[in-house]
Amino acid sequence: MARSQIKTMAAGSAILGAALLALAGCQGGTGGQDPKADGAMLADPDNWPNYGRTPGQQQYSPLDQINADTVGDLKLAWHYDLQPGFSVSEPIEVDGKLFVTTGHAYITALDATTGKVLWEYDSKTRERATSALHMGWGNKGLAYYKGRVFIATTDGFVIALDANTGKEVWKQRQFEANELRNVNGPPRVFNGKVIIGHGGADISPIRGYVSAYDAMTGKLAWRFYTVPSDPSKPAESKADAVARPTWKGDWYGTDAKRVGGGGTAWNAFSYDPELNLIYIGVGNGFPYAQAKRSPGGGDNLFLASIVAVDANTGEYKWHYQVCPGEQWDCTATQDMTLATIEIDGKPRKVIMQAPKNGFFYVLDRKTGEFISAEKFAKVTWADRIDKKTGRPVENPGIRYTGKKQMFELWPGPQGAHSWLPQAYSPRTGLVYLPVIDDAAMIGDGELGGNAFTKNMGVALQPDLDIPGSLKGYLKAWDPVAQKARWTVKLPGAWPGGIMATGGDLVFQGRIDHSFVAYDARTGKEVWSFKTQAPVVAPPITYRVNGKQYVTVLTGNGSSGAGVQSAMVRGYDTDYRLPRHVLTFAIGGKDALPAYTETQPVPLQDPGFRPDPKQAEAGGMLFAMNGCMVCHGMMANPGGAAPDLRYSPMILDAAGFAQIVKGGALKPNGMPGYPQLQDRDLEALRHFLRIRAMQAPAEDAAVKAGKKPAGPRVQAVGGV
């Protein structure tokens, strides 16, 4: 490869890294608690009706027919073929019916014991979507309540379906189609209300909120705003009055395009029916740099916070902030697990979270009182959490505004724990964490050298090989002692979602095409199944007619190999890999059909001559238009869309324009971009043609177990 080509791609990756800002008893342990000790966690053990199964989001089932003694006889009972695309969602099951969402809010209802299709529902998201923000993230789950199945579409609809027929019962708009928001997190049904938030604060100055809809009628019951309103007007609520003093300067702005502050709550919600409190996990601010967002500093509530609200009214009760004045994409949108554990010799009702910032938190869930926090991954942004105040003790120089050089940050914006759920076993008293050790170089936006980084106030260089970075683990965390009881090193740096069971097993999918069960007390691998594709989605378990089943979706979707494609380098995540719903039971008799991998044919483009400026412009367009969400970082092999490095369409200017600008493949999930000019299309094609030149050497290096020959980039984001 010519030196000029390498230089071109290095520059492109630096630009892309900045632009991506736009777009996680045991011996010596606690001994566990009686699962019946916490009424808030109880649910019908036969079913898995909501994401996380119970309101406390434990990702735990008491079923124990499948255990250490019987797991050796766990076999595939049935499978169902999925189309290529997104398959990272957690299914739900009620009374022998299994409900799965894939792609763009496409739901399939299956017989939970045979895999027979009962009905299908297409939300028509692909036909309506107006941007990659609406196309690029798959739905992560569903909810069930009183004969209804609930889905939230990426373009802003909340829909109730009849669970028996798949017919629409009601439909509501969470936001308007022209707003730069999206929904990819699963809805929850708590207290007879459908709870849903939204994403989008990585790319636009929106004001975050959470909505509660009456599950039976669809009527909006309440809406909680996560950042304050216009300070020139009276406070709208108690929460507004609490948050306003923590923002400084002209943070709200007079230009309508600036109004916001961020604070989207797109994933994590929990509920305590005894306290009648719903807990909201709030995300990052916009812009990223606090100096841009809130001149003069301040904690900027309720960014990066856990907020408790009254389940009936949405009224603010308490909050705890994990990153005051956050500016590192520090979110609290990770699972919030409710449990009763023994603290200082007494049972304590707690809420536990391992957010992106690398500390594991234990709080009193009635009052929000800080109990403890310790590092569960490598952390450099803070030394510790002060035990008296509950606030982080930041390391000197960690705030980048005004710094003349980039510096190393652990964890990077990818987080030490992304959205993939943790699990808690009341039998072992341990929390099972999907952990990422990952870093990034971060600095003042002026160092990025382009308008985007200057506007956001932050520059990021995610293409550097930082020693020790890009590693993944499964850790069994003791929340009382605040330390790991055992650790398993995982392939890649994108660990799958986790489930724990009453059979003292922990199930987790892996990026190396494996579905694995571990002994919950020791971490010993006791069972595995080759899945033919990566497994990122969290599994579930249920019982029908006295028989226990375990179900998981295979495939890494956008979240595993689009935005996060660098996290899985060296492992096959090809779009063409077969994806399935896999269901297991003791004595199962099914088998997957044989799969033979076909090798893509390198493109022949002999007359092409790379131009550094053209490639840089194309790389920026690839990032800013969200192409990498489906097609992979730097057009690395993605998991939810074809590998563009081998697409003959990038050699055909007219055909490329029909697809990218004209939307010819919109029914397949590829949005059109009518705003792009001819020069933009040529820049994009130029960028992709360079990537096509590099593809054979890159792929050969991966297959040989070596570092890829092309640019090696890390992912950031999280919505």
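Per the conditions (1) in a loop (DSSP other than H, G, I, E, B); (2) β-branched (Val, Ile, Thr); (3) not assigned by TED's automatic domain parsing to the domain that holds Leu76, the sole criterion not satisfied by Thr573 is (3). Out of Ser232, Ser237, Ser211, one residue alone is among the polar types (S, T, N, Q), assigned by TED's automatic domain parsing to the domain that holds Gly147 and surrounded by 20 or more Cβ atoms within 10 Å (Cβ to Cβ). It is Ser211. Out of all the residues in the stretch 300-324, which are assigned to a strand (DSSP E or B) and not β-branched (Val, Ile, Thr)? Passing the criteria: Ser305, Ala308, Asp310, Tyr316, Lys317, Trp318, His319, Tyr320, Gln321.
Results for (1) over 24 Å from Pro534 (Cα atoms); (2) at pLDDT 90 or above; (3) assigned to a loop (DSSP other than H, G, I, E, B), shown as yes or no for each residue.
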residue: Val435; (1), (2), (3): no, yes, no
residue: Met441; (1), (2), (3): yes, yes, no
residue: Tyr473; (1), (2), (3): no, yes, no
residue: Trp477; (1), (2), (3): yes, yes, no
residue: Ala481; (1), (2), (3): yes, yes, yes
residue: Ala484; (1), (2), (3): yes, yes, no
residue: Lys489; (1), (2), (3): no, yes, no
residue: Gly492; (1), (2), (3): no, no, yes
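If you check Gly156 against the conditions, is it within 22 Å of the chain's Cα centre (by Cα) and surrounded by fewer than 24 Cβ atoms within 10 Å (Cβ to Cβ)? When the stated conditions are applied, Gly156 passes them.
In the stretch 94-111, of all residues being in a strand (DSSP E or B) and over 15 Å from Thr165 (Cα atoms), the one that is modelled with the highest pLDDT corresponds to Thr101. Looking across Gly285, Gly325, Gly263, Gly358, one residue alone is at positive phi, of a type outside the set (Val, Ile, Thr) and touching a Lys or Arg at 6+ places or on another chain (Cβ under 6 Å). It is Gly358. For the stretch 614-719, the helices (runs of 4 or more DSSP H) that sit wholly inside it and include 2 or more residues that are modelled with pLDDT of 85 or more, outside the structural domain of Leu420 (by TED's automatic domain parsing) and over 22 Å from Asp572 (Cβ atoms) are 653-660, 678-703. The number of residues in the stretch 73-93 being of a type outside the set (A, V, I, L, M, F, W, C) and not in a loop (DSSP other than H, G, I, E, B) comes to 7. Remark: Thr367 matches the filter, which requires a residue to be more than 26 Å from the chain's Cα centre (by Cα) and either outside the structural domain of Gly555 (by TED's automatic domain parsing) or farther than 19 Å from Val458 by Cβ (or both).
When the stretch 213-229 is filtered for residues that are of a type in the set (Ser, Thr, Tyr) and assigned to a strand (DSSP E or B), the ones remaining, listed by number, are Tyr213, Tyr225.
Among the residues making up the stretch 496-536, those that are part of a loop (DSSP other than H, G, I, E, B) and farther than 19 Å from Val581 by Cα are Gly502, Gly503, Asp504, Ala520, Arg521, Thr522, Gly523, Lys524. Here the stretch 164-179 is the region considered, the condition is being part of a loop (DSSP other than H, G, I, E, B) and crowded, with 18+ Cβ neighbours inside 10 Å, and the residue that is modelled with the lowest pLDDT is Phe175. Set side by side, the residues Asp44, Asp69 differ, and just one is assigned to a loop (DSSP other than H, G, I, E, B), at pLDDT 95 or above and more than 25 Å from Val480 (Cα to Cα), which is Asp69.
Exactly one residue out of Lys140, Lys146, Lys124 is surrounded by fewer than 24 Cβ atoms within 10 Å (Cβ to Cβ), assigned by TED's automatic domain parsing to the domain that holds Gly208, at pLDDT below 95 and not aliphatic (A, V, I, L, M), and it is Lys124. Check the stretch 343-354 and report whether any residue there is among the hydrophobic types (A, V, I, L, M, F, W, C), in contact with a His (Cβ under 7 Å, 6 or more places away or on another chain), modelled with pLDDT of 95 or more and buried (at least 17 other Cβ atoms within 10 Å of the Cβ). Within the stretch 343-354 (the criterion being among the hydrophobic types (A, V, I, L, M, F, W, C), in contact with a His (Cβ under 7 Å, 6 or more places away or on another chain), modelled with pLDDT of 95 or more and buried (at least 17 other Cβ atoms within 10 Å of the Cβ)), the answer is yes, since at least one residue qualifies.
Yes/no per residue for (1) acidic (Asp, Glu); (2) in a loop (DSSP other than H, G, I, E, B); (3) touching a Pro at 6+ places or on another chain (Cβ under 8 Å):
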{"position": "Thr264", "(1), (2), (3)": "no, yes, no"}
{"position": "Tyr271", "(1), (2), (3)": "no, no, yes"}
{"position": "Leu275", "(1), (2), (3)": "no, yes, no"}
{"position": "Ala291", "(1), (2), (3)": "no, no, no"}
{"position": "Gly298", "(1), (2), (3)": "no, yes, yes"}
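I'd like the residue in the stretch 253-274 that is surrounded by 24 or more Cβ atoms within 10 Å (Cβ to Cβ) and among the hydroxyl-bearing types (Ser, Thr, Tyr) and, out of all such residues, is modelled with the lowest pLDDT. So, considering only residues that are surrounded by 24 or more Cβ atoms within 10 Å (Cβ to Cβ) and among the hydroxyl-bearing types (Ser, Thr, Tyr), the one modelled with the lowest pLDDT is Thr264.
Annotation note: Cβ proximity below 7 Å between a residue of the stretch 393-408 that is on the phi > 0 side of the Ramachandran plot and surrounded by fewer than 13 Cβ atoms within 10 Å (Cβ to Cβ) and a residue that is of a type in the set (Asp, Glu) and part of a strand (DSSP E or B) (sequence gap 6+ or interchain) occurs for Gly402/Asp444. For the stretch 230-252, indicate whether the set of residues that are under 28 Å from the mean Cα position of the chain (by Cα), in a strand (DSSP E or B) and either modelled with pLDDT under 95 or under 18 Å from Thr264 (Cβ atoms) (or both) is non-empty. For the stretch 230-252, residues under 28 Å from the mean Cα position of the chain (by Cα), in a strand (DSSP E or B) and either modelled with pLDDT under 95 or under 18 Å from Thr264 (Cβ atoms) (or both): absent.
The values are calculated or read from the model by the stated rules, or taken from the named source; none is laboratory data. This one's a predicted model, so the numbers in the text were calculated from it and none came from an experiment. Don't worry about glycine lacking a Cβ; one is built from the backbone with ideal geometry, like all the others, and counts go over all protein chains shown.
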